[in-house]
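The values are calculated or read from the model by the stated rules, or taken from the named source; none is laboratory data. Worth saying up front: this structure is predicted, and the values here are computed from it rather than measured. So basically every Cβ, Gly included, is an ideal-geometry build from the backbone, and we count neighbours across all protein chains shown.
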Amino acid sequence: MPFKSLGLRAELLQAITEEGYTEPTPVQARAIPLVLAGRDLMAGAQTGTGKTAAFALPILQLLAENRPLGRRPRLRALVLTPTRELAAQVAESFTDYGRHLPLSCGLVFGGVGIGPQIEQLRRGVDVLVATPGRLLDHAGQKTVDLSGVEIFVLDEADRMLDMGFIRDIRRIIRLLPALRRNLLFSATFPDEIRHLANELLRDPERIDIERKQLDAELVEQLVHPVDRDKKRAALSHLIRTRQWRQVLVFSRTKHGANRLADQLTRDGLPAAAIHGNKTQGARTMALSDFKTGRARILVATDLASRGLDIDQLPCVVNYELPQSPEDYVHRIGRTGRAGRDGLAVSLVSIEEYSLLVAIEKLVNHDIPQEIIPEFPPAVPFAIRPKVADAGPPPVRMGRGTVRVNTRRGLPTRRR
Ligand code: AMP
């Protein structure tokens, strides 16, 4: 189905063509006509599905259709996002898609000076993308007027909840006019999101976009069993010998991310770190260093990585497995996007074995294991008591590599 059939105006179709999009993604095909028809929406869609354009395009169209003439812009669409990076990306999307329309998009988030934001809001914007805390600061200082908001978008609602923004969100909703359209996007729908949706949405349409086909086809997943204290050396070794040119490495803690980035840099592998304790300037710089190839390695925490749109990422490394198996799926979703092949490598120490089992249960298959010959673990998983009754011991295949199937201790072939 072409974009044309969704009822979008010429200026938007032109911008879409310039972006290089040829047809709408599933969430766009479903959401755009509904939003144009004025419906409230509850959409289950993750980052990477094209969800931003699914709300940005129809919102731009609705705003362009009845823009008050000859006056300074009035804030009519508000988008809340959980993180600064996502806010910046969403605002950039509005600006890109709206480039042939006389509409402006503002951006406010914390961690940077408030002065330029006040100036921008004073000049007027049609759309505002914001993180909750800073938006409330502006509301408290009366530097933003939310009384004209006609369309309200809650993006990545589940993450907002995880990050403890629920009270801020409720406070913001109370500042909005009662008569408005509401769009809620979330990757998952725990009870709290359902409650919020019940309060927020008026007779909503429900859209569910299946989880991306992360497994098997798009992303090759591999576990390297390795001792905890050998992980850093093993990672440097892998980056060098496998010649990965751009690697996103996940670390569980902010402190760990910093330390790892420093150590890798000292190893002669320039690395930048991105996490919540960094100033906005430092985060933007780290991301741009990574995107432009100045830093070959970006070490990130889960929260900081959410919503980062980094194209053509060939390789993601889990330096530590995440506590929640869902985060594993989010992490490996950074690679193999838009139909490209990707590789997701996890360095797993024996202490993390139970996390690995939980992940394999969620993705519903065993993840192949490969011992790095230079870094054999003191206790390989396959000979743990848990799988002692599971058949033959691991075998050596090619170049001294041992591959074993996690649960059954059987040799497996790489897909
Ligand atoms: P999102 O899920 O909004 O973060 O979008 C993920 C990526 O898909 C972004 O890089 C978009 O530029 C890209 N994208 C969005 N819509 C389309 C489309 N219809 N065709 C191709 N790429 C798209």
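In the range 298-308, the condition of being farther than 18 Å from Thr47 by Cβ and touching a helix residue (DSSP H, G or I) at 6+ places or on another chain (Cβ under 8 Å) is met by at least one residue. What's the total number of residues in the range 269-285 that are small (Gly, Ala, Ser) and under 18 Å from Tyr319 (Cβ atoms)? Qualifying residue count, the range 269-285: 4. Cβ-Cβ contacts under 8 Å between residues 6 or more apart (or on different chains), taken from a first residue in the range 253-269 that is more than 11 Å from Ala300 (Cα to Cα) to a second residue that is crowded, with 17+ Cβ neighbours inside 10 Å and β-branched (Val, Ile, Thr), are listed as Leu264/Ile239; Leu264/Ile297; Leu264/Val299; Leu269/Ile239; Leu269/Ile297.
Which of the residues that make up the range 1-48 are assigned to a helix (DSSP H, G or I), within 15 Å of the ligand (Cβ to nearest atom) and acidic (Asp, Glu)? Scanning the range 1-48 gives Glu18, Glu19. The selection criterion, being modelled with pLDDT under 90, within 22 Å of Ser324 (Cα to Cα), assigned to a loop (DSSP other than H, G, I, E, B) and not polar (S, T, N, Q), holds for Arg407. Filter the range 22-36 for residues that are within 15 Å of Pro204 (Cα to Cα) and crowded, with 18+ Cβ neighbours inside 10 Å and give the result. Listed by number, the residues that qualify are Arg30, Ala31, Ile32, Leu34, Val35. Taken over the range 337-361, the criterion of being farther than 10 Å from Gln221 by Cβ and either within 16 Å of the ligand (Cβ to nearest atom) or modelled with pLDDT under 80 (or both) is satisfied by Arg337, Ala338, Gly339, Arg340, Asp341. Please go through (1) surrounded by fewer than 17 Cβ atoms within 10 Å (Cβ to Cβ); (2) of a type outside the set (S, T, N, Q); (3) modelled with pLDDT of 95 or more; (4) more than 15 Å from the ligand (Cβ to nearest atom) for Arg74 and return the number of the only condition it doesn't satisfy. Tallying (1) surrounded by fewer than 17 Cβ atoms within 10 Å (Cβ to Cβ); (2) of a type outside the set (S, T, N, Q); (3) modelled with pLDDT of 95 or more; (4) more than 15 Å from the ligand (Cβ to nearest atom), Arg74 fails exactly one: (3). Cβ-Cβ below 6 Å, separation at least six or inter-chain, first residue in the range 135-160 and assigned by TED's automatic domain parsing to the domain that holds Ala45 and on the phi < 0 side of the Ramachandran plot, second assigned to a helix (DSSP H, G or I) and of a type in the set (Val, Ile, Thr): which pairs? Pairs found: Thr143/Ile118; Ile151/Ile59; Ala157/Ile193; Asp158/Ile193.
Note on the range 273-286: residues that are touching a strand residue (DSSP E or B) at 6+ places or on another chain (Cβ under 6 Å) and within 14 Å of Ala88 (Cα to Cα) total 1. Summed over the range 10-49, the residues that are on the phi > 0 side of the Ramachandran plot, in contact with a helix residue (DSSP H, G or I) (Cβ under 6 Å, 6 or more places away or on another chain) and at pLDDT 90 or above give a count of 0. Selection within the range 164-189: residues that are among the small types (Gly, Ala, Ser) and surrounded by fewer than 16 Cβ atoms within 10 Å (Cβ to Cβ). The member of this set that is farthest from the chain's Cα centre (by Cα) is Ala178.
I'd like to check something: does the range 85-100 contain any residue that is more than 16 Å from the ligand (Cβ to nearest atom), touching a Leu at 6+ places or on another chain (Cβ under 9 Å), over 16 Å from Glu150 (Cβ atoms) and among the aromatic types (Phe, Trp, Tyr)? No, because not a single residue in the range 85-100 is more than 16 Å from the ligand (Cβ to nearest atom), touching a Leu at 6+ places or on another chain (Cβ under 9 Å), over 16 Å from Glu150 (Cβ atoms) and among the aromatic types (Phe, Trp, Tyr).
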